[in-house]
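The values are calculated or read from the model by the stated rules, or taken from the named source; none is laboratory data. These numbers come from a predicted model, not from an experiment. All Cβ positions, glycine included, derive from the backbone under ideal geometry; neighbour counts span all protein chains shown. For the accessible areas, the whole protein counts, side chains as well, though only heavy atoms, and no ligand, DNA or RNA atoms are used. Shrake-Rupley method; radii C 1.70, N 1.55, O 1.52, S 1.80 Å.
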Amino acid sequence: QVQVVESGGGLVQAGGSLRLSCAASGSGFSINAMSWYRQAPGKQRELVATITSGGSTNYADSVKGRFTISRDNAKNTVYLQMNSLKPEDTAVYYCNARLIILKAQYDSWGQGTQVTVSS
């Protein structure tokens, strides 16, 4: 019922910046929270940042102070501004939308966008 699509990934040098976008589309749902996860080769998927519909945010320690998550609730869109990028940030970044459909909670995932940081 819901589609989640990420964009904005690419190749950047260490110290550079990227801005990721994620939009949820469809009908019959509301969003409680949206999050960014990432997964590097050989590693588990990890939570990077979360923002609720009310604007509360949370960040992984590894990105705190460098990344900023924001949202436009009217557009069902979330952004991740990534500054001071490091090679360790290289991963596929996935958007997750926590949805309420018929009063039940679901998670919907995008297909991911590649972020590569060169040294």
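Some values worked out for this structure:
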{"read-out": "Every residue from segment 69-82 that is open to solvent by 60 Å² or more (accessible area, probe 1.4 Å) and not in a strand (DSSP E or B)", "value": "N73, A74, K75"}
{"read-out": "Selection count, segment 1-43, where residues are of a type in the set (A, V, I, L, M, F, W, C), in contact with a Lys or Arg (Cβ under 8 Å, 6 or more places away or on another chain) and under 17 Å from C95 (Cβ atoms)", "value": "4"}
{"read-out": "Residue ID - nearest to G28 (Cα to Cα), chosen from residues in segment 49-77 that are among the hydrophobic types (A, V, I, L, M, F, W, C) and modelled with pLDDT of 95 or more", "value": "I51"}
{"read-out": "Filter pass, R66 being open to solvent by less than 50 Å² (accessible area, probe 1.4 Å) and under 16 Å from the mean Cα position of the chain (by Cα)", "value": "yes"}
{"read-out": "Residues located in segment 84-111, provided they are aromatic (F, W, Y) and either farther than 17 Å from L47 by Cβ or buried (at least 20 other Cβ atoms within 10 Å of the Cβ) (or both)", "value": "Y93, Y94, Y106"}
{"read-out": "Qualifying position, being open to solvent by 40 Å² or more (accessible area, probe 1.4 Å), more than 11 Å from the chain's Cα centre (by Cα) and on the phi > 0 side of the Ramachandran plot, among G15, G54", "value": "G15"}
{"read-out": "Test: E46 is closer than 18 Å to V92 by Cα, among the acidic types (D, E) and surrounded by fewer than 16 Cβ atoms within 10 Å (Cβ to Cβ)", "value": "yes"}
